[in-house]
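What follows is a single structure, written as structure tokens, with notes after it.
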Amino acid sequence: MGVTTAPTSERRPWAPNSRETNPLLPSSDEPFSCLSEVDLFADLTTEEIAAFDRMAPQRTFRNGELIFSQAQPVTALFILKAGRVRIFRVTEDGKALTMAILEPGSVFGEMLLVGQRMYDNYAEAIEETAICQLGVAEVERHLLSDPRIAVRVSRLLGEQVARLEERLTDLALRPLLARVASTLVRLAESQRPSRAGHVTIRLTHDQLAGLLGATRESTSKTMADLSARGLIRQARGRIILLDLDELTILSKRMA
């Protein structure tokens, strides 16, 4: 069955009727730069970034809208400027399995030149999202020819392999409590802590369960356990990490 829209349910926050305004999206009087906040392009000058922006058109996607699908594949490199994107695949029985939730600054898409493959995956905006798109010609002419960016591409691919190996280890060897803790710690790396030292992650139990390959019920039970231990505090669509050190210790547990 061809998938032309993301799987939805009343509980899932990426349903089209559950959109929220994203204050991170650029306003009409604010200059938009796709590259200035992406680590891959950190060595470029202001003039070089401006030149790239002119050839990388901006697109906005609503909550629940597909960016990439098997029904309409696109050979392109996407740069996530604002919002969040869910990478998922659909099993033969129609179940959606979340592979990753991408934060601003992420680079993804179908681009063999830089080792990016979507395979059978789909990309879906799970809130108001701004994305820039680079075609094959632009990537080959402007990115791979620049040694500063080529080195960062190699590093990015290495980090992706390391994250995949870590996730496979979690699935094979660690109990659900450790996998939940590991996932929360990993997601916290891209977030800025509050003055109290706490980190807030915007994630629902459905999304977390999808990342873990677990049921929502077992995930909610584990989250309640972490909350009872005083390691996290839960709010609507948000998880506040109160003790990252203890969560890190739990994430290493093998049994």
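Please list the non-local residues whose amide H lies under 5 Å from the amide H of Phe68, H modeled 1.01 Å from N, same-chain partners needing a gap of 5 or more.
When sequence neighbours closer than 5 places are left aside, the close amide H contacts are Ala123.
Full-extension gain between Leu97 and Ile249, please, as 0.36 nm times their residue separation minus the C-alpha to C-alpha distance. Working shown, then result.
Numbers: separation 152, 0.36 × 152 = 54.72 nm, distance 2.72 nm.
So the chain would gain 52.0 nm between Leu97 and Ile249.
Please report the projected area of the stretch 46-88's Cα convex hull averaged over all directions, in nm².
The directionally averaged projection comes out at 3.9 nm².
Checking the cross-link filter: which lysines have an alpha carbon closer than 27 Å to that of Lys95, excluding same-chain neighbours under 8 positions apart?
Counting by Cα, and skipping residues close in sequence, Lys95 has these lysines nearby: Lys221.
Determine the dipole magnitude for the stretch 180-234: charges of +1 sit on the beta-carbon of Lys and Arg, -1 on that of Asp and Glu, nothing else is charged, the reference point is the Cα centre, and the result goes in debye to the nearest 20.
So the dipole magnitude of the stretch 180-234 works out to roughly 220 debye.
Each reported figure results from applying straightforward, stated rules to the coordinates on display, with no laboratory input. Model, not experiment: these values are computed from the prediction. Cβ: placed from backbone, ideal geometry, glycine included. Neighbour counts: every protein chain shown.
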